[in-house]
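Enquirer: I'd like to ask some things about the structure below.
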Amino acid sequence: MESHIATDVAVERSRGRSLRATAINLIGPLTMLAGVTWAFLQPYRLTLLHPHGQGFWWLLSEPPLYVVLVGLVFAVLVAPGVVADLQEAEDAAES
Amino acid sequence: MLPRAEFVHWWFATGFLVIGVLLVAEAVVGTEVWRRRPWRAYLWPGFMFLMGVLMWPVMVFYTNSTIHMLAHGSWAQAMMLAGGAELALVRGKIRSPYWRLATALGLAVSGAAILIHEQNGWLFARAAFLHHAIGWTAMVGAGLLLLRAFRPRSTALQAGVAVVFVLIAVFLYSDRDTAPIFGHMSPLAGEPRR
């Protein structure tokens, strides 16, 4: 195989891996961003911002924060392992 | 002392969002990479099963109408069946890939139940609109899951299923009692709220 063709293939593979890793790394932040955007668009959904007179269930139910929490948990607990495994799998396939 | 119905809908929306996010990630990296750590393979089926279990108290405590009670009961069974079948597949207790049809069946039953138990038209109120939207989205999801049972490696189908779960989460988060939708609402639906 000519060396520049081999290099092109390696670059293409690396680009695909990097795109997928980037996508995984973006899922959490984008989910969090959706929750924050929602909180700005409908601040009355966050009863914590005006807690006076609110009952227990109203104070517990903060849907925009739930969305932020889902993104945060994914970004911290799931995404790093997935990206590491993706790189391992790609490296194993290349060698 | 019971939480309002929309609170429960928001909690289940969060469950659907969790499943949707996990399915998106699995679609991006592929099933082989996703299952490199065994605990990860159990995540979304486990959530599905747990949501089915948690639907039982909803059925028991929210008995404002028989048809709602039946609908909640059918969702509890459908989610437990789907989650249980996917868990058993991951664990290797069952091997035929056609067991994935249980998830398609679960979503089809759930979609049918939500469509049947909504007695009003699309624009009667926000709740009615959301029932129709969720029901038909679930039916589309059931179709995608049906196809996925025969083409398990299709990234497009996996991504489609993930989007369906995220959409259902968005619809459930949108639930706000009798608030208007697109400015249209029947005067019979009650006083509009935000």
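Enquirer: Assess whether B:Thr66 counts as being at pLDDT below 95 and within 12 Å of another protein chain (Cβ to nearest Cβ).
Expert: Here the answer is no, as B:Thr66 does not meet what is asked.
Enquirer: Turning to a different aspect of this structure: Exactly one of these conditions fails for A:Gln42: (1) modelled with pLDDT of 95 or more; (2) at the interface with chain B (Cβ under 9 Å from one of its Cβ atoms). Give me its number.
Expert: Against the list (1) modelled with pLDDT of 95 or more; (2) at the interface with chain B (Cβ under 9 Å from one of its Cβ atoms), A:Gln42 comes up short only on (1).
Enquirer: Limited to the range B:92-114, what total is found for residues that are aromatic (Phe, Trp, Tyr) and either touching a Leu at 6+ places or on another chain (Cβ under 7 Å) or surrounded by 21 or more Cβ atoms within 10 Å (Cβ to Cβ) (or both)?
Expert: 1
Enquirer: Within the range A:47-64, is even one residue assigned to a helix (DSSP H, G or I), more than 18 Å from B:Trp11 (Cα to Cα) and at pLDDT below 95?
Expert: yes
Enquirer: Which of the residues belonging to the range A:55-77 are within 16 Å of the chain's Cα centre (by Cα) and at the interface with chain B (Cβ under 7 Å from one of its Cβ atoms)?
Expert: Passing the criteria: A:Tyr66, A:Val67, A:Val70, A:Phe74.
Enquirer: Taking the range B:125-147 only, how many residues are buried (at least 22 other Cβ atoms within 10 Å of the Cβ), touching an Asp or Glu at 6+ places or on another chain (Cβ under 8 Å) and free of Cβ contacts under 8 Å to residues at least 40 places away in the same chain?
Expert: 1
Enquirer: Going through the range B:27-86 one residue at a time, which ones are β-branched (Val, Ile, Thr) and in a helix (DSSP H, G or I)?
Expert: If the condition is that a residue be β-branched (Val, Ile, Thr) and in a helix (DSSP H, G or I), then B:Val28, B:Val29, B:Thr31, B:Val33, B:Val53, B:Val58, B:Val60, B:Thr66, B:Ile67 are the ones that fit.
Enquirer: Note down all Cβ pairs under 7 Å where the first residue falls in the range B:56-83 and is of a type in the set (Phe, Trp, Tyr), the second is not in a loop (DSSP other than H, G, I, E, B), and they're at least six residues apart or on different chains.
Expert: Once the first residue is of a type in the set (Phe, Trp, Tyr) and sits in the range B:56-83, its partners that are not in a loop (DSSP other than H, G, I, E, B) give B:Trp56/B:Ala76; B:Tyr62/B:Ala5; B:Tyr62/B:His68; B:Tyr62/B:His72; B:Trp75/B:Met55; B:Trp75/B:Ser110; B:Trp75/B:Ala113.
The values are calculated or read from the model by the stated rules, or taken from the named source; none is laboratory data. Because the structure is predicted, anything quoted here is derived from the model rather than measured. Note: ideal-geometry Cβ built from the backbone for every residue, glycine included; neighbour counts use all protein chains shown.
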